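What follows is a single structure, written as structure tokens, with notes after it.
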Amino acid sequence: MEIRMVDLQGQYQNIKGEMDKAIQNVINDSAFIKGKYVKSFKENLEKYLQVKHVIPCGNGTDALQLALMAMDYEKGSEVITSSFTFVATVEVICLLGLKPVFVDIDPQTFNLDARLIEQAITEKTKCILPVHLFGQAADMSAIMELASRRKIHVIEDTAQAISATYIHDNTSSYCGTIGDIGTLSFFPSKNLGCYGDGGAVLTNNDDLAYKMNLYANHGSLKKYYYESIGINSRLDGMQAAILDVKLRHLDTYVSQRQKAAALYDELLKETSQVITPHRIEAGNHVFHQYTIRIHDHRDKITAAFKEKGIPFGIYYPEPLHKQGIYTKFARDTTALPETDRACKEVLSLPMHTELTAEMQGFVCDTIKNTLQDC
Ligand SMILES: *Cc1c(COP(=O)(O)O)cnc(C)c1O
């Protein structure tokens, strides 16, 4: 039995007719840059996410960069974020001459612990940048309350959580549409992935939308006339057409992931050494990753996985505040014990839309048999 961490080939085979036609249309029209396929996807995603502006761009890292560029913060301004994330979140903060300030995570959700944010705020703090890690919302009600009281912005890194919902102010909203700006990645393995690189920024604010659109297009809205310095960050027509096809299936994909997650829960529920993913009450979990925690013997399980050809992920093996240039930014008074502990204990199991009960049984039997011998 071949088990994949992510099965993009299997997913493609199920929509091959639709997908091949969409790709052929782009070639027939030579609509490679900008054009009608990008416009169509942008509008369909605005409708789906119920957000005023979707601005497609080159990738999820650019989306974060565009979001921070639009804020126009003075150099040295502080952005509060997590050290338990993909490097892009923190990289762009540093790249723009801003200062990341790391706050520890909640051990149950792996997201920023909102109770620790306020004490990290100084007069230089301009923004909180929560990551909706693994497909579930950060504690947005607490974050939004704090941000509005302290008059700072919120940028949501939603790369892993497209279509995850969250109940805020008694209404259910999609992650990425609650703060000032949300950012998305369409990297192939993300829940809505294209066949290359892609990303987008989301906002309900017209002024921020104007700026991000401007910055993504060389600071120019009229060809060869420049209002500001920008970057070149575009979503290809081909990727947009691919995403438009997959967007029609997104709700099905999400429910397939949730179904697989529920089966993992069931199969692992009697294995006391394994902590299965916590679900928050205020929103749903779209399972970009199904990440378990094991206090001891993670190395024995990964060894057994390797032996049996079961793929796995460790997201993330080393926190950013302990690595390279990023250590410079970690305030020496700040210990992040939960972040450190999570890095040692997390294990992400195969998760995609094509998993079968048989595959999941094999994965969980391997875990159980390994732990039995410990
Ligand atoms: C994938 C990811 C990104 C970056 O997206 P790219 O499209 O690869 O640039 C940013 N933040 C998080 C949390 C991610 O998982």
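Quick notes on this one:
- Here no helices (runs of 4 or more DSSP H) wholly within the range 252-368 include at least 2 residues being of a type outside the set (D, E, K, R), out of contact with any strand residue (DSSP E or B) (no Cβ under 7 Å at 6 or more places or on another chain) and in the same structural domain as A164 (by TED's automatic domain parsing).
- Subset of the range 31-67 that is under 18 Å from the mean Cα position of the chain (by Cα) and over 15 Å from G199 (Cα atoms) - its residue that is most open to solvent (accessible area, probe 1.4 Å): Y48
- Residues of the range 107-143 that are open to solvent by 40 Å² or more (accessible area, probe 1.4 Å) and of a type outside the set (A, V, I, L, M): P107, Q108, R115, E118, Q119, T122, E123, K124, K126, D139, S141.
- Residue tally, condition in a loop (DSSP other than H, G, I, E, B), surrounded by 24 or more Cβ atoms within 10 Å (Cβ to Cβ) and of a type in the set (A, V, I, L, M, F, W, C), over the range 144-163: 3
- Residue within the range 186-209 that is away from the ligand (no atom under 16 Å from the Cβ), farther than 18 Å from H288 by Cα, without any contact (Cβ under 8 Å) to a residue 24 or more places away in the chain and open to solvent by 50 Å² or more (accessible area, probe 1.4 Å) present: yes
- Scanning the range 279-300 for residues that are within 20 Å of L371 (Cβ to Cβ) and of a type outside the set (D, E, K, R) returns Y290, T291, I292, I294, H295, H297.
- Filter result (within 23 Å of the chain's Cα centre (by Cα), in a loop (DSSP other than H, G, I, E, B) and hydrophobic (A, V, I, L, M, F, W, C)) within the range 217-248: I231, L235
- Checking each residue in the range 309-325 for being within 17 Å of M5 (Cβ to Cβ) and surrounded by 15 or more Cβ atoms within 10 Å (Cβ to Cβ) picks out I310, P311, F312, G313, I314, Y315, Y316.
- Subset of the range 94-106 (residues that are surrounded by fewer than 22 Cβ atoms within 10 Å (Cβ to Cβ) and not hydrophobic (A, V, I, L, M, F, W, C)): G97, K99, D106
- Count of residues meeting criterion [touching a helix residue (DSSP H, G or I) at 6+ places or on another chain (Cβ under 8 Å) and of a type outside the set (D, E, K, R)] in the range 111-133: 11
- Hey, Y174 out of contact with any Lys or Arg (no Cβ under 7 Å at 6 or more places or on another chain), more than 16 Å from the ligand (Cβ to nearest atom), open to solvent by 30 Å² or more (accessible area, probe 1.4 Å) and modelled with pLDDT under 95 or not: no
- Qualifying residue in the range 79-95 (condition: away from the ligand (no atom under 16 Å from the Cβ) and outside any loop (DSSP other than H, G, I, E, B)): no
- Any hit, the range 53-60, residues being within 16 Å of V131 (Cα to Cα), touching a helix residue (DSSP H, G or I) at 6+ places or on another chain (Cβ under 7 Å) and within 16 Å of the ligand (Cβ to nearest atom): yes
The values are calculated or read from the model by the stated rules, or taken from the named source; none is laboratory data. Quick caveat, the model's predicted, so the values are computed rather than measured. Here Cβ is always computed from backbone atoms with ideal geometry, including for glycine, and neighbour counts include all displayed protein chains. What goes into the accessible areas is simple: the full protein's heavy atoms, side chains included, and nothing from ligands, DNA or RNA. Shrake-Rupley method; radii C 1.70, N 1.55, O 1.52, S 1.80 Å.
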